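Take a look at the structure below.
The values are calculated or read from the model by the stated rules, or taken from the named source; none is laboratory data. Small disclaimer: the values here were computed from a predicted structure and weren't measured. Please note: Cβ atoms are built from the backbone with ideal geometry, for glycine as well, and neighbour counts cover all protein chains shown. Note: areas computed on protein heavy atoms with side chains; ligands, DNA, RNA excluded. Shrake-Rupley method; radii C 1.70, N 1.55, O 1.52, S 1.80 Å.
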Amino acid sequence: QVQLVESGGGLVQAGGSLRLSCAASGSIFSINAMRWYRQAPGKQRELVAAITSGDSTNYADSVKGRFTISRDNAKNTVYLQMNSLKPEDTAVYYCNAGVVVRNPFGALDAWGQGTLVTVSS
């Protein structure tokens with residue numbers, strides 16, 4: 001029904017930047033909140049940033065001032081601009097969205113497959 005596809009991960013040196021993208025496709029009527037989570041090896045998945053359909057945002061304390069979440073509703077895409085990256089930002093980053101679908105009409109919680117971000121010291 002709905003697919004979320006992330007891109008933009010990779011290897012970067014500490015202090016560098018990356019921009020993640022997540023595009024939603026399928027039988028979409030509308031998208032509510034969109035979020036980025038991450039999971040580092042041996043750790044639980046954590047919420048990094050979220051953006052509502054009205055463009056209100058919130059961030060984990062560990063990324064405030066360094067990461068920026070944004071969305072393009074015309075493209076059903078959410079972005080995560082990551083600046084001043086640190087080795088502790090190394091993780092698999094997952095996109096999540098609350099999607100209202102049609103045919104049949106309903107709501108679902110969609111996840112992407114994840115994209116690996118590695119920050120070297």
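By the gyration tensor of its Cα atoms, with a ≥ b ≥ c the square roots of the eigenvalues, what is the shape of the range 1-56: rounded for a/c under 1.5, prolate for a/b over b/c, or oblate?
Working: a/c = 1.82, a/b = 1.72, b/c = 1.06.
Because a/c hits 1.5 or more and a/b exceeds b/c, the range 1-56 counts as prolate.
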*asked:* Net charge within 12 Å of Cys22 by Cβ-Cβ distance, Lys/Arg positive one each and Asp/Glu negative one each, not counting Cys22 itself?
replied: +2
*Considering only DSSP beta bridges whose two residues both sit in the chain, what percent are antiparallel, to the nearest 5?*
90
*Taking the range 68-109, which chymotrypsin sites (Phe, Trp or Tyr not before Pro) meet the DSSP loop condition and have no more than 12 other C-beta atoms within 10 Å?*
Phe105
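Give me the dipole magnitude in Debye, nearest 20, for the chain about the Cα centre, with unit charges on the beta carbon: positive for Lys and Arg, negative for Asp and Glu. List each step's numbers first, then the result.
Working: 11 positive and 8 negative charges, 9 e Å.
About 40 debye.
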*Run down the aspartates and glutamates and flag those whose C-alpha is under 13 Å from the C-alpha of Lys86, throwing out any fewer than 8 positions away in its chain.*
none
_Per residue, how much accessible surface does the chain expose to a 1.4 Å probe? Answer in Å², no decimals._
52
*asked:* Beyond 22 Å, how much of the Cα-Cα pair distribution for the range 6-121 remains, as a whole percent?
replied: 30
